[in-house]
Structure formats: structure tokens, C-alpha cells
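Here you go, one structure.
Derivation of every value follows stated rules applied to the coordinates shown; laboratory data play no part. This structure is a prediction, so every number in the text was calculated from the model and none was measured. Backbone-built Cβ (ideal geometry, glycine too); neighbour counts: all protein chains shown.
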Amino acid sequence: MAPKTAVPPQASATQALRPVLADLDLSLGKRTRLHRLLYEHGLRNGTLMVLPIDQGIEHGPLNFFANPPSKDPKYQWELAAEGGYNAIACHWGLARMYMKEYAGRVPLILKINGKTNVPSDESAFSALTATVEDAVTLGADAVGYTLYVGSPRQDDDMLQYLEVREACERWGMPLVVWAYPRGSAIEKKGGRDSIYAVDYAARLAHELGADIIKLNVPVKSDKDAQQPKPYNELEWDYESGVRRVVETAGRSMVLFSGGSKVSDEDLLDKARVTMEQGSTGLIFGRNMWQRPMDEALALTERIKDLLRRFPA
Amino acid sequence: MAPKTAVPPQASATQALRPVLADLDLSLGKRTRLHRLLYEHGLRNGTLMVLPIDQGIEHGPLNFFANPPSKDPKYQWELAAEGGYNAIACHWGLARMYMKEYAGRVPLILKINGKTNVPSDESAFSALTATVEDAVTLGADAVGYTLYVGSPRQDDDMLQYLEVREACERWGMPLVVWAYPRGSAIEKKGGRDSIYAVDYAARLAHELGADIIKLNVPVKSDKDAQQPKPYNELEWDYESGVRRVVETAGRSMVLFSGGSKVSDEDLLDKARVTMEQGSTGLIFGRNMWQRPMDEALALTERIKDLLRRFPA
Amino acid sequence: MAPKTAVPPQASATQALRPVLADLDLSLGKRTRLHRLLYEHGLRNGTLMVLPIDQGIEHGPLNFFANPPSKDPKYQWELAAEGGYNAIACHWGLARMYMKEYAGRVPLILKINGKTNVPSDESAFSALTATVEDAVTLGADAVGYTLYVGSPRQDDDMLQYLEVREACERWGMPLVVWAYPRGSAIEKKGGRDSIYAVDYAARLAHELGADIIKLNVPVKSDKDAQQPKPYNELEWDYESGVRRVVETAGRSMVLFSGGSKVSDEDLLDKARVTMEQGSTGLIFGRNMWQRPMDEALALTERIKDLLRRFPA
Amino acid sequence: MAPKTAVPPQASATQALRPVLADLDLSLGKRTRLHRLLYEHGLRNGTLMVLPIDQGIEHGPLNFFANPPSKDPKYQWELAAEGGYNAIACHWGLARMYMKEYAGRVPLILKINGKTNVPSDESAFSALTATVEDAVTLGADAVGYTLYVGSPRQDDDMLQYLEVREACERWGMPLVVWAYPRGSAIEKKGGRDSIYAVDYAARLAHELGADIIKLNVPVKSDKDAQQPKPYNELEWDYESGVRRVVETAGRSMVLFSGGSKVSDEDLLDKARVTMEQGSTGLIFGRNMWQRPMDEALALTERIKDLLRRFPA
Amino acid sequence: MAPKTAVPPQASATQALRPVLADLDLSLGKRTRLHRLLYEHGLRNGTLMVLPIDQGIEHGPLNFFANPPSKDPKYQWELAAEGGYNAIACHWGLARMYMKEYAGRVPLILKINGKTNVPSDESAFSALTATVEDAVTLGADAVGYTLYVGSPRQDDDMLQYLEVREACERWGMPLVVWAYPRGSAIEKKGGRDSIYAVDYAARLAHELGADIIKLNVPVKSDKDAQQPKPYNELEWDYESGVRRVVETAGRSMVLFSGGSKVSDEDLLDKARVTMEQGSTGLIFGRNMWQRPMDEALALTERIKDLLRRFPA
């Protein structure tokens, strides 16, 4: 295990929230694979920077219009390798067909469920596209699972998740949960990005045993009053909102997503604040690969400079 | 592996899109079986010409009225053998009962799911009629699976597909995906033949690991404005539309279907344009076997003459 | 294999459609059991005469009011034995409890799925009541499976059928498919007895690999215009309608059912016409066992006299 | 199926013994794969010419001293490809590591058991090195199994063989049996090459259901009197000895092996005589690859010229 | 994949024998894990330096008398970590109980079979102590299997190996074979270290599909005349002997073992010569951990300096 370095000057007290691999009670297989992700690749300092490329399933090819070369999956593999990401996250097909020259160089988080956005999200459910055993066979270092928190089909979701979680335990495979509030009921209670919804999602994923939880930063909206008490009256700002959901995630590590493309400065701000509030890292997709390769690499380097100040 | 021949005079720059077997990362079983399909039968030049006969399930016997002898499945087997197709695609019953004298001569793509068109397509789902293990037992060289992209039952479809895909990987069996946009939600977003729908279908099948993807050529319609942005404002013509979806399919090979019967010249045009834009081949059914045998063989030969100009 | 006898004087040209066991490509187990059914019992001439007794499940005991002794399942077993039927078709309970003294004398076609007619048929689905393994264990010579063609639950049906079909292949057990159009969508397209529906049913069962297909004779009705093109304008009569669906069944043998009780002469006419048009035999239940035993045996003998003129 | 060509001038009456694929009762999978071996590769006339490379296990690398380049397994794959053999026969490692560029071009007979010759042969037993399922996964067209006929460990051998044979039936995989008399008891009854031993081996493999049997040509020796009656007094010469064991193999096809290296003329004589007496082909290893590539290719061509005169 | 660096000045022509990961046909899982072993840990140049600690099972604790601290398994884990070895090789207990703080830092080759040396080696057989699934669960990057080539129990060994090899293929786990000639028959044919025996062992392990083969350097002895022809008359020296067995291993990588402790200079000589002749690396145990930690680390560094001159 990499020795814990001195806390850097920037670390606020809240960073104490952040789980450190050496302190967690984990099986040897999960420990080995998490160590690889956290300390043997990319930043190598215990902080994660992950490049996801599953938007082709979730949103369709329309996400590639902003930067046409990004439609070729090799683009993201190359960006992950050249940019020195800790891992890439994708579905089985993009791993099986494009991974050969990156095998062992770029760790793989195999995304194992997905859905298109063609039908409505009212009863969102994300079906398996691969198994944990597929992840073992590919040499992946983790699997990613989307849990639609609060969906009317949560029972199907939780039963499907159970099989995944047990297989992860069997094989020592770390489990990264995309904890996404979704569905008609959530929309009536403040919406998917409300702090109520994100906080609930963090807790559900934590209680279900996620090793790492991917969250969206909670957002205020004019639907906030529809949230259940006391969230409907909660005072919070960006920092404290992030801190709250990180706290809720407990000993599960937290990654924050970038969402749709924003300006460089906004993205760096999101990176800084989430890290200051105890995040273990970032998972930025469209914000990276919707740019030309040289811009994407330059921005990656700026983000990594920032992340180097948050070792664990 | 057949040596890559010189690019023929007709090959446009866009043909560079086309995946070549020797360059792909495949298991030995898939490589062996794809080599048989591409280089040991039919055209023997890396280009596929497939004869499908699953319309009896999908549409019912009404497709045979145009050419009554075609109702006897032996008709299609004989056409495939005499016409020198690379493969025939059919369900288990038509293989089990009619294949004996063609076994090993006409490669089999076992179509392993299907449905009748009696109920509505709103929540289309195509159930298994055979397994990958059946395909192995018959000595088939690939399986065909219909994926109804965007259907409200996409979760059932993806889970069923997962078992098929894993079995294909287990046994080294190539997987051909009939990627068909279908269902009530697609119809509200431009329809099943819109470029939005076909492009999404190509991407989903690719991310799910199809070795070969069967697509329909996208078609403009008066519902185009209902497509999601930016598809609703996309400028495209026949050539660029085909090119777009071939690009989206990435390292999966693409076959284009003929659809319902059209004139000889229209069919040859479709063949030429799709091949120029990077298709790996054609899968023409009704356009072939809805003609008397001598006409079908003559048209087959004209198509093959054209395809001989597109080796890979 | 019984030598193919000379074509009898009555055989019309259309009888050439009829599949002959010796010409079919079958596993040895299927060949052995079909030979027993076709040539070692009953008519012993390649023509089948089957007595079904599954109406107690499908319709309830009300079918037995016409002839109260028929409620005792021994009645049908005795009729099958005394009448020299090629086989009896029943569910597991009637085999398990009544077969002892007929075991080996009266071949068993174990009917392995069923349903009551208490709920509506709109989404008809017939659930397993026994397995192919049960049929092996009982020494049955075939299994019978009801496929509800065009039902909104066709996916459940096809998946259940798949397991049955694979088990039949595994154990060499002939598979007789009761191919029944059914459900709300069929009713909107001409109805379950329309020639569109019966023809589609014959084709589906054939593509799914049925060894023998049980069909109802198609019937004209005032809903014929609702059939899809070109069926809605098709010219046909009793003979050509039967011939059409027999042709559609291809190398699967066809049995025609008697349906509800009709006059002797109508029944004999049905028998004659269906045999002349290529049927392999008859499966007459209520028309037989709704009569007193002596009448039933006498009518049986008349039918058999007719069937002796159609050897294969 | 390739049409049976006219019997060539050289064919003797005894060639009528030779089984022809089209006449055999085989599952579709076996038929497909045997058709590929017999009619789609190499000689393409129903006659087999197989290149084996399993001597590295059976004898050790000492077999490679005669032609050092032959130690590289690529040598044999290249010879099989360039020489146009119908198939190569080797163990899993040599397929898995060297087959990539020959996949689908050179059919594979996966040899699935073996032993070193370090311990004595007194109780010879050849253990599995791969499974029939491995053969399916690699896309092989047959498996090869060594049966040590008459060995004191015949029970272990036959039980192991049973699992292989059933798996071959399950998957439609042709089974080639290296039928080798071996062990202390055989040595006391005339020895492994006696006509008694070879004839017994042919019958055992045939009764156990081998599709193809690899035999050594029987040889006279001074131990012939030790053979059981009436073999100890049998009058036979080279031709009639070969004919006898081919007859004994019944509907199993027979391949004769070349054994250790002999002169070109002796090898051609063996080829001619065995073919005249009903052999389906040859499996010559050391006689081919113990020569420099140009010599091996030239001799291959001479053998093939001869084999072209024996179509089936 | 790491780019192939320029051949260093020391590389002789014979180094061309050495397999390079990028050129091999491997599954993605094996490629990923081998890449980690070869390029992401230890020397990071494609050359392996492995520390084995299985002598406690194979020889008993007597091997620890020379350096008592070495009896504590933590000693070897610490040496592997501090010395920067590419991997440690040990049995399940030493991994399960001592790996926690090294998980992900020191790659694990899980040794999965073993035996004591208490009974004689005449019929040597090494039984499983763990499964490939255990290796997956621990996050190991390879398994190690001892194959006793030529042992009278070779059949038990090969059957046990088959299950291991298939599991390795299933899970993408590299397979390192300790190819050891052993048993009464080998001792009569020149002995376990004869060039005949080592060469045969290399070939058997290669044909059985080993990814990496661990060999002992062949040794001349007064039993050399007992070797089979032509080994009994073979002219060879240390260099050419090593080269011969490396050649025999083909596309399997070769590791040479250090054996019992020798002088520093002898060990360095062995390292240099084996690397010059095409070895992929070294597996030195007693020669390292039978020394005090500082000496062991110093010698490790000298060996690594040498190995840095042999990148691949």
C-alpha cells in the first residue's frame, strides 16, 4: 500500500470523510484490484480519474456530433491511455473489440448494465449487458452498475443488483454503483437532482454495499419544495450539499460525474469543490471526449494537476 | 487469412471504414467460422451475400404468394446452393428438416429468435426459437439475433441477448444482430427507419458486441422533425446516411437488408451504394426468392458481379 | 422401414405432398418411435388415427354430459384399444392412473401442456403439465404441445416450446404440435379458423421444427375481409384450403382434428378430403367418445376403412 | 453433397468397401463437419490427406532432429496450408498458439489425448489433453482420440472414451479414433502390428462408434504364430491384409498412417495399395515434415496426384 | 502494449527466439494479466524476475535453516516488495495470510499444486492445493502448476492439468508450468536434468498450452549415454543446451530457475546466459531468500541491472 502522505495544505477538515483503502475491511481480491485502480495507474495517489464511454447506449450517437472523431471508440481508449486516466468505464462490446492494445495499461471498469433513452424514464430499469464473470475474464478491475433509486421498478433492480453484488464478493471484484434517482415518483418529490434524491441514492447504494458510488452533484430547483421534510426546508450551498452526500456515502468512496459539457472553469471548480468535500475522484466523460484530442488532453492535465493535491 | 487484395478502382475513400477479418481481435472459433463465411464459400472475397428465409415466421406465408414454389423451404436452400450464396439464414426447423443435402456446402446462420406479426409491435420482443448450443450441434457458422432497439421491452431483450452473447463467446460462434428500431417510443421519435433510429440501433448493437450488424438503410420521412436533436436538423442523403450508420457500427461488420421487393435496378443501386459506403455485404431475401428460380439466379449473378468489385 | 407400397387408386396428385417417414432426416430415436406409431400399431400403413382425451382440462367435464360413461378415462383407453387406434393422446394423470393394462398395446402421445377455458383466450398461454422426461419415463412414443400462434403471449409460449423441442431432440421423442391461432390480435384479423390464421400456424409450427402438426380445417366466415392481404381476397374452397395448409406444413406431417361433434357423414367427408389433400391422419375425440361404445367402435371402423386407402 | 463421380479406372472391386458420406446415417453437425473435411478443403474429392503433429508429445523432440525447422510448430501449419492438406491434427497448445493465421483455412482435427513414451507401454493409457468442448470452441472439424486396444487399462480407456463419444454426439463433432493395439498382453499375442491386433482394433473402434479409424498397416513378423487361431494360420499379403482390416471397420472410414520415415517410393506404394483396398485417406506425419519444406511439398503433391484418382 | 524497444547491444541473434507479448494470440484476460506481470511491475521491461516461496511444501522447513528469518513468510513478501520483483509465487495459505499489505503492489502467481518430498519421487504426482478460481478471487495475475513429465502417473497429472488449463482459458488467467521431468522411468533414461528430459518437458508443456514454462538448465552427467538416441550422442554446451530448450518451448515464454544456492557470480552467469539464449526471465528463490535481507536486496539489484539489458 502506498504510504499515506502528509495531508496537503489544501485539505480541509472535511476531507477526513474520505475513505482510505488501507483502512477499509476488504477481501484480498477487492483490495488488490482497488489498489491497482488507486495507486498503480493514472494519478497513482489514491485519487481516481475515470473516463466513461457508455453514452452511446444511454443517449445514442447524438453525443458524438460535438466532436465527430469521438464516435470511434478508439478515441476514448486513446484519450484514457494518453491522458493517463486511472481507468476507462465501458460496456462489453467496446472492451472486447478495442481493448487489445491497452490491455493491462488502462484499467477497465466494465459497465454491466444499461438502457437506451428511447422509451420514457418513468419506470426506469437498466438491464444487464454483461456479468461479473465477464469482467473477470476480461481482466477488469471493477464493474459498474446503474441503480435507479426510487424507480417503480426498484424491486427488479435490487434483485438484479443482488446477484451482481454477490458475484463481486465471490470473485473479489470491486463494485462501482452509478446511484441515479429516477422515475415518476422521484420527479414528484423534487426531481432526480434534488438533494433529497441524491442523498437517498447515496444511502441506498451504501447500504447495499457499493465499494464506490458515482453521484451527481445535487442541484437546487424550483421543485425543491416538493421534497419530503425536512429536505424541503434544508439550507445548503454547493459545498455543504456535496459534503452531505459524501458523508451519507460513509465508507463507500464517492466519484462525482461531470454531466453534460460545461466550461473549463466550471469543470475545474466542480473538481476542486468535490475533492475538498471528500470525494475520492471524478468521472468525466462528455466534458472530456466532446473536445478535440489536444484540448481534451490539455484539460485532463489541468484536472490532474488539481487532483495531485488530494492524495489519500 | 486471404491476402488483402488491391483496392478495386471503385472503392471510395469511405470504404476504409470496413472492418477486415484479419485486423480484428477475435477468438479462434469466431475467426475460423467467420473465415468460412467470408472466404471459403460464396464470393470468397471477404464480402457476404446472405439469403434469409425467416419471413414465414415474421410475416406469415403471405410472403410466398408472389412466387408459390418459394413456400417449400427447399426452394431457398436450392437457391442458396445454386446461386453460390455465402450463407443461408433460417430458423431451426428449416435447418433441421431441409439441410441434409446442403450440410457443409451452404453455411448456416441459425436465426435463433423470432415472433409473428399478429400482435402489435408497440412493445416488440422476439423470443428465442433456438440456442447457441443448437447452432453448434447443427454445425452452423453463426447465429442471428433480432434486437428491438428502443422497445419498451428492451430490458427483457437485453437480458435474453446477454445469454446469447456469452454463449457465443463460450463456443466461438459469430453473432449477427438484426438491429431493428421498434416500438411505440421509436414511432414517436421519427419512426423505425429514421436516421436517428437506425444510427442508435447500430451503436447499441456495437456496444453490445455484435460481430456483424444487419441494418436497414435509413429513410427520410415526414416524421423527421420528431427526431431528437440534432438528427431533426441533420442534412444527409442516401450515401451519407449509409456512411453514417456504417461508421457508427465501428468494428462490427454491417450487412444491409433488401426489405420488400423492388425493381432490379433499385436493388443493384442499393447494393452498389451500401458497398461503396463500407458495408461488408448484403442480406437479400424477398427480393430474391419472390422471383422464379431462373430470374432469381440471374439477379443473384448480377449482384455477385457487383460484389466481386468489393473484396476485403 | 415398411416398404413404400404402390400408390393406391384414390391417391390424387396432391397426395405427393405427404411426407413419408423413410424419406425424412430424423434421429434414430424419433425414427423408431414414429415407426411404432405409423407402422406397428393401429392402421399399420403409415397413416395415423389418434384418440385425444384432453378436453376435460381444456373445456371441463361438460364435454362428458353427452355420453356419461366417457367421463371415466378408462372409456377412452378402452375405445383406443378396442378400436385399434394408432395412439391415444392425454395428460399425465390419465396416463399414470389408467395406462397399466394398455401399456405397450396402445401407444401414448403424452400431452404436456394445457389450460382451462375459464379465463378469456385474449392472451392465451398453455402451461406445461408434464415434461418430455415424463414421456420418456412412461414409455410414450410422442409428446403433444399446444402452441397459441399469434397470442400476445407468444414470447412465453415460444420460450417454453424451445425447452420442449430441445428435450425432444435430446431424447429422440417425436413432437406433435397443436398449432392453434388464438388471442385478441388474431380475432381482429379474421379469427382463429380463418385461412390466414391456420396457414400462419402451420408455417410457424413447421419453422419451429414440429414433427407432426395438428391443424383445424380452415373455415370461411364473415370476418374474412379483415384478414391481411392477400388472404382477404383469396379464392378457395374446402379442398384447396386444406391443401394449402398441408403444403405450408412442408415436411411436417399433418393431422386434422374433428372439432365438436358432427354427423357421421360430415366426419367421413372431412376424413376423406383431408386425406386426399395430403394429411397424414386424423385426431378425432369428441366425435368418437361422445357416442356409446358400440357406435363409437362402428364409426371408428368406417373411418379406418377409409384410411386404409391412404397408405404411405 | 458432392455428386459421386464415375469410378476411376484404377478403382478395384474392393473399393466398394469404402463408405461414402452421402450414404451414412449421421447427425447434421457431423455431416456438416465431415463434408468440410472431405469436400471443401484439400483434395475436395471425398479423400482425406491429414498432417499430424502430435509426435512432440508421443515421442519427444527427438523426432525433430532429422529436420530442425520442423521443431517450430509453424512449420507443420505452413506445410498443411501450402500443401493443401485436408486437415492438420494436433494438441490444444499447438492449435491455440499457432492457428490464428490459418483459422478456417486449414481444418483442425483436435487431438484430445496423449502420453509421453517415457514410461513403458505395458499398461498404456492415453489421458485427455483437451475436451470435445475445446474442439467446438476452437472451431475444429473433428477430434482425434487414441484408443489402446488390448491394454490392461482398457477399462479406464473405454470409460474415458465413452464421455468423448457422447460429447461428440451432443455437439455433432466427428470422432477419429487412433486405434492402436498396445500393452503387455498384445505383445504376447503377436504384437501391436500383427493382423490379429490391427483387425481387433478396427472392430473395437467400429463397435464403439468411431466415424473414422486410423490404423497402421498390419505387418508380418516372426511372432505371428503367437496370434490366436485362426490368425496364426491366416494366409494374407499386403493387399489382402489391408482389405481385411478395412472390411472390419465397416461403415467407419479408415485412414492409414505412414509411421516412421520411409523412401518416397515405399510411401507412394503404401498410399496406392491402401486406397485401392478401400481406405478413405492417409495421415502421414514424419514422412512429410521430416523433409525440408520444398521436398515435403513436392512429395505431398505426388501423393495428392495419386489420391485424386480415388474420389468418393 | 509497451513499444518494442531497440535491441540492446548484448542481444545475440538467438534472442530472436523470445516471444513478445504483443505478438502472441491471447485472450484479453491473459493479455491484461501478463501485461501487468511484464510491464507494470518490477522491471517493467517485458522481462520477469519472480520470487518463489513454495519450498516449505516441496522440501520442508529445512530450507530455512540457512537464514532463519526466511521461515517467516513475511520475509519473502517483504523481499519481493522491497526488491521490486515482478511477482511472488506461493501457495494459498501464504497468500491468504500475508498478502494484505502487498495486495496490488506485488503481483501474485498462485502456485496451485504441490507435494512433500517425504515419499519417493518414483511415481511423482503433485496434487492441487488451490484452484484457478481461488486465484481469481485473490486477484492473482497467474497460476503455477507443476507437471511431472514422464512420471508413471502422467495420466493423473495430465487430467488434473486439463481442468486447470480449461479454467485458465475460462477466466483469462495465465498459466505458468513448472515442467519437471520426474519418476523412475526418467531416471533410467539419463535423469531429470538431462537434456533429453528437459527438452521433452519443454515440448510437453508447450503442446499442452503453457503460457510460461519454468525449466531447469539442462546438466551433463555420467548417465548421458542412457538417454534415447540422438540425445545420447548430442554435442552441446551450456549455451546451446539452454538455447535448445528455449527453442523447443516455442511461443511459450521460458523462466529458468536458480535451484539450490550457488555463488553470486555463478548465479549472475546463469542469469546472463539464459537471457542471452532467449529466456523471458528468472525465478530465483533459495538463492535469494537464503541470504540476509541486505545481501538479498543487493544481489537482487545486481540481477535486475543485468535484466534491464534484456527488454522485450
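Counting only other chains, what is the mean number of Cβ atoms within 10 angstrom of the Cβ of each residue in peptide A:58-65?
Whole-number average of other-chain Cβ neighbours for A:58-65 is 6.
Another question, if that's okay. Using modelled amide H (1.01 Å from N, peptide plane; none on Pro or chain starts), what sits under 5 Å from the amide H of residue A:219, excluding residues fewer than 5 places away?
Placed amide hydrogens put A:194, A:195 under 5 Å from residue A:219.
What is the Cα radius of gyration of the protein assembly as shown over 2.2 N^0.38 Å, N being its residue count?
0.98
Using the Cα atoms as the points, what is the convex hull volume per residue of segment D:204-252 in Å³?
88 Å³
Using only C-alpha atoms and all pairs of different ones, pull out the Kirkwood radius for segment C:172-225 in Å with one decimal.
One over the average 1/r among Cα pairs gives 11.5 Å for segment C:172-225.
Using a simple charge model, +1 on the beta-carbon of Lys and Arg, -1 on the beta-carbon of Asp and Glu, nothing else, what dipole does the protein assembly as shown show about its Cα centre, in debye to the nearest 20?
The dipole of the protein assembly as shown has a size of about 640 debye.
What per residue convex hull volume, in Å³, comes out for segment A:111-228 when only alpha-carbon positions are used?
Each residue corresponds to 93 Å³ of Cα convex hull volume.
Quantify how strongly other chains surround peptide A:144-155 by giving the mean number of their Cβ atoms within 10 Å of each of its Cβ atoms.
Average neighbour count from other chains, rounded to a whole number: 0.
Can I ask one more? Report, largest value first, the span of the C-alpha coordinates of chain B along each principal axis, in whole Å.
Each principal axis gives a Cα extent; for chain B these are 51, 46, 41 Å.
Which cross-chain or sequence-distant (5 or more) residues have an amide H under 5 Å from the amide H of residue B:105, H modelled 1.01 Å from N in plane?
Distant-sequence amide H within range of residue B:105: zero hits.
Something else: Hey, can you rank A:141-148, B:267-274, D:227-234 by average C-beta count inside 10 Å, highest first?
Result, highest mean Cβ count within 10 Å first: A:141-148, B:267-274, D:227-234.
Here's another thing I want to ask about it. Using just the alpha carbons, could you tell me how many Å³ per residue the convex hull of segment E:195-312 encloses?
That works out to 107 Å³ per residue.
Related question: Compute the Rg/Rh shape ratio of segment D:165-255: radius of gyration over Kirkwood radius, all on alpha-carbon atoms.
Computed over Cα atoms, the ratio is 1.02.
Sorting check: for A:246-252, A:169-175, E:105-111, which peptide has the highest mean count of neighbouring beta carbons within 10 Å, and how do the rest follow?
E:105-111, A:169-175, A:246-252
Then there is this: Divide by every residue of the protein assembly as shown the summed helix terms, -39500 (n - 2.57) for each DSSP H run of at least 4, and state the resulting mean residue ellipticity at 222 nm, rounded to the nearest 500 deg cm²/dmol.
Theoretical 222 nm ellipticity from helices: -10500 deg cm²/dmol.
May I pose another question? Please turn the phi angles of segment C:136-144 into ³J(HN,Hα) values with the Karplus equation 6.51 cos²θ - 1.76 cosθ + 1.60 (θ = phi - 60°), one per residue in order, whole Hz, x for glycine and proline.
Working through the residues one at a time gives 4, 5, 7, x, 5, 9, 6, 10, x Hz.
Aspartates and glutamates within cross-link reach of residue E:189: Cα-Cα under 18 Å, excluding same-chain residues under 8 positions apart?
Excluding near neighbours in sequence, the set is D:58, D:121, D:122, E:121, E:122, E:199, E:222, E:224, E:233, E:235.
Please identify which residues in segment E:144-169 have an amide N closer than 18 Å to a label point set 7 Å out from the Cα of residue D:155, following the Cα→Cβ vector.
Within reach of a label on residue D:155, which here means backbone N under 18 Å from a point 7 Å along Cα→Cβ, segment E:144-169 contributes E:156.
Taking segment E:267-312 on its own, what percent of its Cα-Cα pair distances exceed 14 Å?
Of all Cα-Cα distances in segment E:267-312, 47 percent exceed 14 Å.
Next question, about the same structure. How big is the Kirkwood radius of segment D:109-156, worked out from every pair of different alpha carbons and given in Å to one decimal?
One over the average 1/r among Cα pairs gives 11.7 Å for segment D:109-156.
Then there's this: Across segment B:37-54, in residue order, what do the Karplus-derived ³J(HN,Hα) couplings come to in whole Hz, using 6.51 cos²θ - 1.76 cosθ + 1.60 with θ = phi - 60° and x for Gly and Pro?
Listing the rounded values in order: 5, 8, 10, 10, 9, x, 5, 6, 10, x, 10, 9, 10, 10, 9, x, 9, 10 Hz.
If you don't mind, there's one more thing I want to ask. Average partner chain C-beta neighbours within 10 Å, per residue of E:95-105?
5
Starting from the 7 Å offset along Cα-to-Cβ, what nm value, one decimal, do you get for the label separation of residue B:229 and residue E:265?
About 7.9 nm, to one decimal.
Please list, ordered by chain and number, the residues whose modelled amide H lies under 5 Å from the amide H of residue E:49; skip anything fewer than 5 residues away on the same chain.
Here the answer is E:43, E:86, E:87, E:282, since their amide H atoms fall under 5 Å of that of residue E:49.
May I pose another question? Kindly flag which residue pairs out of E:188/E:229; E:111/E:214; B:270/B:304; A:100/B:111; A:100/E:304 have an alpha-carbon separation exceeding 22 Å in this structure.
A:100/B:111; A:100/E:304
Through the Karplus equation 6.51 cos²θ - 1.76 cosθ + 1.60, θ set to phi - 60°, convert the phi angles of segment A:66-72 into ³J(HN,Hα) values in whole Hz; use x for Gly and Pro.
Working through the residues one at a time gives 5, 8, x, x, 5, 5, 7 Hz.
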